[in-house]
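This report refers to the structure that appears directly beneath it.
Just so you know, all these numbers are worked out from the coordinates, no wet-lab data involved. Fair warning: this is a prediction, and the values are worked out from it, not measured in the lab. All Cβ positions, glycine included, derive from the backbone under ideal geometry; neighbour counts span all protein chains shown.
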Amino acid sequence: MRTRLLLALLVPVLVSGCLFEPREAEPPSTQDAIEYVPRTSPRNVWTNCELALTNADGTGWENAVHESFLYVPDSQTLSQYPGVFATPWGKAREMTFVNAWFSNRPIIQANLLDEEISVPDGSGGRAEWDIIYYLNVTDRQTGSLAKYRARATLVFELKGTYWFLTYWRDESGESDPDDPQVLLPTLGVVRGAFAG
Amino acid sequence: MTTRTRTVFLLALIVLVFGGLSAWAGEEEDEGQAGQDRDGDGEVDADSTVVELTEFERQQLAAAAADSLRSATAGADAPFYLGLRNTPEVGIQAGVLKVRTYAGLENAFTFRQSSTFKDNLDYSYETYRKQDKTVERRSAGATYTSGTQLPVRLDLSGNWDWSEDITVNFGGLRNFDKRDAKKAALLLSRRDIVLGGVKNDVLVAADVIDQKAENQSQRNDLTEGAINGALRSRARLAEGVNLATRLYGVKRGGESTLGTSTNPTSTTGDTLGAGVYYDRALLKGSVVVSQANYDKRYLDFRRNSSGIIDTLFVPPGESKVVEELQERDYTTIKWDNALRLGWLRLNGKLTRDMDTEEYRYSQVGFRERFRDEANVSLGFPVGRDSLAIAYVFKWAWDDQIYQGADDPRGRQYSKNRELKLDWRRQLFRHTKLTASFLTGLSQETAEDKGDGNGPFNENDRDRLTGDASLKLDTAWPGKLSTGLLFQYRTTEDINLRATKSANNNFRETYEIAPSYQWPVARWLRVSQVFRLFIQYQEYTFGNIVGIDKDDNYNKRGNLTTTVTLDPTTRLNVKVKYDYGSRFNATQSRTDAAGNDLYRRDQEQFTSRIDLGFKYTISPWLTLDTTTYRAKDRLEYPSAPGRQTITYSGEMTVGATVSKTWAGDNPVTLAGKVTKHQAYGPNVTETNRDYWDADVSLKWSF
């Protein structure tokens, strides 16, 4: 019985060393380094999110978003993609979307924090922001440009020793700065397009 | 819809509700004159007093069971009409996000031989606190089922759904999103038709949809009819082995309007599935294969290669609306198996999914996805221990041929492996030891098509995670219980390409968390939890000249003390104090002995006290109030004298009601109302001062 127990404990430990060997990375080229900042405040987390989008870097997005992350779409997104958001959109679905989106190598110009809006620093381990974000995304295949501008509620929380983005709720699309009569969609429509 | 129409609708609903109430009151007067004689034997029942909640639940369950039993067993010789139950309901739900008021009415007629007719009316109105937005919804529906009255079962349904969402964005732009949809459906079904030892279910359905919608000044109308049929069969192949098959087909056709374009629509689809289910001695499981496909013609806006609407840059002379044709094919194969060998349980699950879709106009073009997944788990007891081992493997890829392209984009591969081991041992009578070990590797790889350009994107990366924890729990019944957790976690990010590998890093986290709960007396409980986190982050290429990445070291500790008092049977008091400190440090240099030295960048000290009271006035009414005060001090050692101190707090006062007036026609009032007032840097205009409520009033007669 003890031998059986010992084998049961040793086998997975031994096997894990073989099956879970990561690949070797190329040494970095210094001029391409993405300058992420330490996630010691909510603002730093959101800065890293902007860098991750601008550089189409899945790793940066994955490190900024916590395991308990939840995304809630706006009503326009829900009407465009009925049923897609029926199950909660957590980190797993978020990373599947981000990896698929970045695979298409979009060219993203992101301004995630409208300068006219002031946001609080984290206090006591939690921060809630009301922000407006704005993205220009160029489709690399066709060269066409898509714009996204929206009002959103974000929640950042201190987990362990680092801040993370834990909640993102799109409220509504906002006007195109170049044509105020045009209503732009939220990033929810991009999530909906890749979720299917 | 005008205000007048909305008012008339509400008045009609109120008349219906009060009309029902009057009828109920009339019945109650009649019952008062004859006494409470529910069993109809002419004698007043012995227990005719108003009953408490638990008795109400018993009566409701009994009434519902009696209704269904009566209709199910009532044969062709029973009266055609068996009963009617009406359920109106009104309520209000308010929170930090929105306030919703609603009302509804459901009438359920029961006939002999399980036949029923139900109709419902619903109305709701939402206003949003953070936005200039209102949403109004109205719906009505009716369903009829023939039960066993006819040789085949007939189900008829009709629905009307109307909604209007008016949103004014931050820039003052107003948008109307309106929808008015009507649907009628018919379903004929016959189950358990036995032919040659095979049991069959046959279902035939038809429906008609009429939808009028408008959003962002664009029409989106649809008028469509459909017919579909399904055949499900099952047969016993051998002892403990069954075969099940299903065949489904659907045909839809109609007309749609999108923007200013109108065009016919159609959908044709079918599904074929088969499965073998076995349960024999040692093995239990199933093998299921299913394949589905459809062709769909519809009006759609132009979409780019990611499938997102793209109407800003439409080529000259072309419309932003196209007559799209979508074809989709989906196949899935699943094997699910459980092996029982005495003390051993071995479960396995294998799944393969294949999916292709193609568009005539969308820049998506042709897209295909493939996914394999394997889950294997093993569990067994070993003396006083129990062990569980699980392994998960996932492998998937997707590829795309953009509209007009000759060659595919290149496959994007995703591979995930995870191994988990759990061990539990009862050390002593009241002491349990739990150990867990988990390791996982996820890999993203873009295909290198060998054309000299390398992989088609720069996102190749690996992520290796590990987690080992040891937990000791001791619980003396009715006395002290303690816990001790030690956890070690690692995460390594490896970007393979030179353009992204500068950020490769390895993170280690140590967590120690001792705790105890002490029931000092029946009216006094004390608990404390201390948590310590230590985290190191090391950049793999941080020592390369030109790479400006510094390792860092962070620590955080929290002590939470909770005292719970029940000084009387009605009063509960809770006091909680939380103290925490945290610092973040960056490596500044390495000394001659090779030790890394760190510079503190930020120090944070937080303290918070919570106080809560809960008073039970009666079994159906509870009052509660809570408050907290917190102080947060942030210092920057590299900038002496620079610090930020913030204060925050909140107070809530609330009540919870749960009252039922039981009887044959019960009325239930349930709800919770709380007033919030808060201050602090995280408090916005919306959550500074607001009511939180969820109250409903429901009748059933």
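Observations on the model:
- Across peptide B:676-687, the average count of Cβ atoms from other chains found within 10 Å of a residue's Cβ is 3.
- Per-residue shielding of A:153-166, expressed as the average number of other chain Cβ atoms within 10 Å of the residue Cβ, stands at 3.
- Gyration tensor verdict on the protein assembly as shown (Cα atoms; rounded if a/c is under 1.5, prolate if a/b is larger than b/c, oblate otherwise): rounded
- Each peptide in B:621-627, B:79-85 receives the mean, over its residues, of other Cβ atoms within 10 Å, and ordering these scores from highest gives B:621-627, B:79-85.
- Among the chymotrypsin sites (Phe, Trp or Tyr not before Pro) within segment B:476-519, not one is in coil by DSSP while having at most 11 neighbouring Cβ atoms inside 10 Å.
- Helix-only mean residue ellipticity at 222 nm for chain B, each DSSP H run of n ≥ 4 adding -39500 (n - 2.57), per residue, nearest 500: -2500 deg cm²/dmol
- The distance separating the Cα centre of segment B:384-432 from that of segment B:623-701 comes to 40 Å.
- Highest to lowest packing among A:136-145, A:168-177, scored as the average C-beta count within 10 Å: A:168-177, A:136-145
- B:L346-B:A185 FRET efficiency (beta carbon distance; Förster radius 45 Å; 0.05 resolution): 0.50
- Distant-in-sequence amide contacts of B:G410, defined by a placed amide H-H separation under 5 Å and a gap of 5 or more residues or a different chain, comprise B:Q400.
- Using θ = phi - 60° and Karplus 6.51 cos²θ - 1.76 cosθ + 1.60, couplings along segment B:633-648 (whole Hz; Gly, Pro as x): 10, 10, 10, 10, x, 6, 10, x, x, 8, 8, 10, 10, 10, 10, 8
- Pairwise FRET efficiency - B:S261 versus B:I401, Cβ, R0 = 22 Å, nearest 0.05: 0.20
- Fully extended contour minus Cα-Cα distance, from B:T568 to B:T625, at 0.36 nm per residue: 18.8 nm
- Restraint check, B:K284/B:K394; B:K296/B:K449; B:K614/B:K698, Cα-Cα greater than 29 Å: B:K296/B:K449
- Global form of segment B:266-362, assessed from the alpha-carbon gyration tensor, a/c cut-off 1.5: prolate
- The phi torsions of segment B:651-665, fed into the Karplus equation with coefficients 6.51, -1.76 and 1.60 and a -60° offset, translate into couplings of 9, 10, 9, x, 9, 10, 10, 8, 10, 10, 9, 7, x, 5, 10 Hz, rounded to whole numbers, with Gly and Pro shown as x.
- Cα→Cβ-extended label distance, 7 Å offset, between B:D372 and B:S588, nm: 5.4 nm
- To the nearest ten degrees, helix A:91-103 and the longest principal axis of the Cα atoms of chain A are 70 degrees apart.
- Karplus 3J(HN,Hα) series, Hz, for segment B:138-147 with 6.51 cos²θ - 1.76 cosθ + 1.60 (x for Gly, Pro): 9, 8, 9, x, 8, 9, 10, 10, 7, x
- For B:S115, the residues whose modelled amide H falls within less than 5 Å of its own, excluding neighbours fewer than 5 places apart on the same chain, are B:T148.
- Shielding by partners, peptide A:119-132 (average Cβ within 10 angstrom, other chains): 6
- Mean Cβ neighbour count within 10 Å, used as a protection proxy, ranking A:50-61, B:578-589 highest first: A:50-61, B:578-589
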